[in-house]
Amino acid sequence: MRPSGRQISEMRPISIETGITKHAEGSCLIKVGDTHVLCTATIEDRAPPFLKNTGLGWVTAEYGMLPRATNTRNRREAASGKQSGRTQEIQRLIGRSLRAGVDRVALGERQITVDCDVLQADGGTRCASITGGWVALRLAVNKLLSSGIISTDPIVDHVAAVSCGIYGGQAVLDLDYLEDSEAGTDGNFVLTGRGNLIEVQMSAEGATFSRGEMSTLLDLAESGISRLVEAQKAVL
């Protein structure tokens, strides 16, 4: 039995609300159960220096967690003068994932930065950030298209992410914190709307896993991603 009482293939409740902030070109608040992430997208009319005169655009991401996003207060990383390795790894994952759904030639020499700020954490913050970050990115690109700054849509597909793992000897979808902290195997799956894989992060936390179990987790992830993409489409 899962701590939440959910079935093994049951997602937590999903909600996405757009237009959360006044100034960002795209913004949304995504809630996956008790994990809440504010995602904003900012357009800059210049690409990073390493892309100067290439004709290519860039999508990048920053990730952070508010001090009381968890049950105890975390010190702000700015106070220590540097980001943790975990934060750097997560924001690079978000950036890589979102770029996989973008035609950088069609975007042109400009940069879109997606900021993902975790307001409340209960497992799966990186997955929620990717799923909500794509919505913020989509909204920002819509403004470029509607204003005539670009004529070709650079968004080639939806991008969403979900966690799966082996908990209590069973493959389960969409781990919350209690499951994630005790899972024998933990995995994060990033897929496109068409079901193509962008990235898979899997590790044996407490026990090794078989190829068959990995296939079962991927099947669960595909079903979860389809529901997340439906939520993205519904809000847009």
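Annotations
- Cα centroids of segment 38-103 and segment 117-193: 14 Å apart.
- Translational diffusion of the chain was estimated from the Stokes-Einstein equation, with Rh taken as the Kirkwood radius over Cα pairs; at 37 °C and 0.692 mPa s the coefficient is 181 µm²/s.
- Net charge, V37 excluded, C-beta distance under 15 Å - Lys, Arg +1, Asp, Glu -1: -4
- In sequence order, calculated HN-Hα J values of segment 11-18 (Karplus, 6.51, -1.76, 1.60; Hz; x Gly/Pro): 7, 6, x, 10, 9, 9, 10, 9
- Given their separation in residues at 0.36 nm each and the Cα-Cα distance between them, K82 and I8 gain 22.8 nm when the chain is fully extended.
- FRET efficiency, V156 to S203 (Cβ-Cβ, R0 35 Å, nearest 0.05): 0.75
- Cα-based equivalent ellipsoid of segment 139-236: semi-axis lengths in Å, sorted from largest, via gyration tensor: 34, 12, 11
- Computed E for R46/T70 - FRET, C-beta separation, R0 30 angstrom, nearest 0.05: 0.25
- Once both labels are positioned 7 Å from their Cα atoms along Cα-to-Cβ, the gap between S210 and R96 label points is 2.9 nm.
- Listed by Cβ neighbour count within 10 Å, with the fewest neighbours leading, V162, V105 appear as V105, V162.
- Alpha carbon Rg of segment 38-175, scaled by the compact-globule rule 2.2 N^0.38 Å: 1.17
- Charge dipole (debye, nearest 20) of segment 14-235; +1 at Cβ of Lys and Arg, -1 at Cβ of Asp and Glu: 780
- Rounded to 5, the percent of DSSP beta bridges in segment 14-235 classed as antiparallel: 85
- Candidates A69, C164, V141 compared by Cα position along the dipole of the chain: farthest toward the positive end lies V141, with charges placed on Cβ.
- Counting neighbouring Cβ atoms within 10 Å and putting the fewest first, the residues S226, S27 line up as S226, S27.
- Sorted ascending by nearby beta carbons within 10 Å, beginning with the fewest, T21, T185 become T21, T185.
- 10 Å Cβ shell holding at most 12 others, DSSP loop, trypsin sites (Lys or Arg not before Pro): longest site-free stretch of the chain: 83-193
None of the figures in this text is laboratory data; all of them are computed from the coordinates on show. It should be emphasised that the depicted structure is a prediction, and the values quoted were computed from it without experimental measurement. All Cβ positions, even for glycine, are placed from backbone atoms using ideal geometry, and neighbour counts span all protein chains on display.
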